[in-house]
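What follows draws every value from the coordinates through simple rules; no lab data is involved. Just so it is clear, the structure is predicted and the values come from calculations on it, not from any experiment. Here Cβ is always computed from backbone atoms with ideal geometry, including for glycine, and neighbour counts include all displayed protein chains.
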Amino acid sequence: MERPYIICHMLTSLDGKIIGEYLKEERAIYFTDEYEKIHKHYGCRAWMCGRITMEEHFTFGHQFDLKQDNIPTIPRTDYVANKDAKGYAVVVDPSGKLGWTKNYITDDYGLGDHIIEILTEQVSDAYLAHLQKLGISYIFGGKEQLDFTVVVEKLKCLFSIDKLMLEGGGVLNGSFLNEGLIDELSLILVPIADGASNTTTLFETSYFLKKPQPVNFFLKDIEKLGDGGIWMKYVTKRD
Ligand SMILES: NC(=O)c1ccc[n+]([C@@H]2O[C@H](COP(=O)([O-])OP(=O)(O)OC[C@H]3O[C@@H](n4cnc5c(N)ncnc54)[C@H](OP(=O)(O)O)[C@@H]3O)[C@@H](O)[C@H]2O)c1
C-alpha cells in the first residue's frame with residue numbers, strides 16, 4: 001500500500017527540548033516565526049499533531065458533553081466528510097478527548113484546514129456522533145493501539161495526501177520514529193539551553209511503543225538562520 005512522504009518538522013533548544021523556559025526568551029520569537037515560515041515553504045497539504053499539542057494550541061481543554069442517552073451504536077468504520085479540502089489538520093486523539101467546535105482549523109490567513117481525527121475503536125459512540133454532527137472526518141488506526149502504518153496508508157487512500165508534515169509533540173514523533181515512518185527531519189536549532197530535566201524532547205518513548213529502535217539520519221542540507229540559529233534537513237534514506 002502507498003503512503004505519503006513524511007517530514008517531521010520541529011524546533012528544539014540546544015539541549016534537544018521541544019518545550020520549556022527557553023521559549024519564553026525574547027530571542028525565541030524570531031525562531032518560532034521561522035518555524036512557521038518553513039512550515040509554509042514545504043507546501044504540504046496535510047499536517048499532523050498529537051492530542052496534547054492540539055489541546056494546548058487549539059481546543060484549550062474544551063470537552064464535549066458526552067453524557068447523552070439514546071446514542072445509537074455507530075459502526076467503527078472510517079468517516080470521510082471532505083475528501084477535496086485544500087488543507088488537512090490530522091489529529092491523533094485515540095480515545096476522543098478533544099472538544100472541537102468546528103470542523104476546521106484557521107491559520108493567520110483565514111484558510112481552514114479540515115480536521116481528520118485519528119481514533120482507536122475504544123472511542124465512545126457519543127464522541128463519534130459529535131464528530132459527524134460537526135462534519136469532522138475520522139479514521140480508525142486500531143482496536144486498542146494505533147498502528148501508524150495503517151493510518152498513513154488510509155490518509156493516502158481516502159484523502160489523496162501525498163506529503164504529510166508531522167509536527168509533534170515528542171510522543172507522537174516517537175511513535176512515527178518507532179514504526180520507521182519518518183522520511184525527512186526538518187529541525188530548527190535555537191541557540192538557547194535551559195538544562196531542564198523532565199521536559200519533552202524531540203522523540204519520546206511511551207508505554208504503548210514497541211522496543212525503541214535506533215534510526216539513522218543522513219544530512220541533506222544545512223542553513224544558517226539569523227541570530228545564530230540553524231535549520232538542518234536530514235533524510236532517513238541515503239541518496
Ligand atoms: N518545539 C516544537 O517544534 C513543537 C512542535 C509541536 C508541539 N510541541 C509541544 O509539544 C508538547 C506536547 O508534546 P507531547 O509529547 O507531550 O504530546 P503529543 O505528542 O502532542 O500528544 C501525545 C498524545 O497523543 C496521543 N498519541 C500519540 N502517539 C500515540 C500512540 N502511538 N498511541 C496512542 N496514542 C498516541 C496520546 O493521546 P491520549 O493521551 O489522549 O491517549 C498521547 O498522549 C506541547 O507542549 C507542544 O507545545 C512543540
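Would you mind classifying the range 15-57 by shape? Square roots of the alpha carbon gyration tensor eigenvalues, ordered a ≥ b ≥ c; an a/c under 1.5 is rounded, otherwise it is prolate if a/b is larger than b/c and oblate if not.
Oblate.
Quick one: putting +1 on the C-beta of Lys and Arg, -1 on the C-beta of Asp and Glu, what dipole do you get for the range 50-145 around its Cα centre, in Debye to the nearest 20?
It works out to roughly 180 debye.
Could you list which residues have their amide H under 5 Å from that of residue 169, counting only those 5 or more apart in sequence or on another chain, with H placed in the peptide plane?
50, 53
Karplus couplings for the range 137-148 from phi (6.51 cos²θ - 1.76 cosθ + 1.60, θ = phi - 60°), rounded to Hz, Gly and Pro as x?
With the stated coefficients, the range 137-148 comes to 6, 8, 9, 9, x, x, 6, 10, 10, 8, 10, 6 Hz.
Within 10 Å of each candidate Cβ there may be at most 14 other Cβ atoms; applying that plus a DSSP loop requirement, which GluC sites (Glu not before Pro) in the range 15-52 survive?
Answer by residue number: 25, 26.
Most exposed first by the Cβ proxy, i.e. fewest other Cβ within 10 Å, how do 239, 125, 65, 93 rank?
Going from least to most buried by this count: 239, 65, 125, 93.
Provide the gained length on full extension for the span residue 97 to residue 81, in nm with one decimal, where the gain is 0.36 nm per separating residue minus the Cα-Cα distance.
So the chain would gain 3.8 nm between residue 97 and residue 81.
Place the peptides 136-149, 221-234 in order of packing, highest mean first, counting for every residue the other Cβ atoms within 10 Å and averaging per peptide.
Answer by packing, highest mean first, reads 136-149, 221-234.
Which net charge results when you count Lys and Arg as +1 and Asp and Glu as -1 among the other residues whose beta-carbon is under 13 Å from that of residue 130?
0
If I take R0 = 30 Å and measure r between the Cβ atoms of residue 30 and residue 209 in this structure, what FRET efficiency does the formula 1/(1 + (r/R0)^6) give, to the nearest 0.05?
With a Förster radius of 30 Å, E is 0.30.
Using +1 at the C-beta of Lys and Arg and -1 at the C-beta of Asp and Glu, which of 196, 23, 234 has the Cα lying farthest in the positive direction of the dipole of the chain?
234
Where a Cα-Cα gap under 21 Å defines reach, which lysines qualify for residue 211, not counting those fewer than 8 residues away within the same chain?
143
Taking amide H positions as placed 1.01 Å from N in the peptide plane, with prolines and chain starts having none, which residues 5 or more places from residue 104, or on another chain, fall under 5 Å of its amide H?
115
Based solely on its DSSP helices, what 222 nm [θ] is calculated for the chain when runs of n ≥ 4 H residues each add -39,500 (n - 2.57) and the sum is averaged over all residues, nearest 500 deg cm²/dmol?
Numbers: 5 runs with 50 residues, N = 239.
It lands at -6000 deg cm²/dmol.
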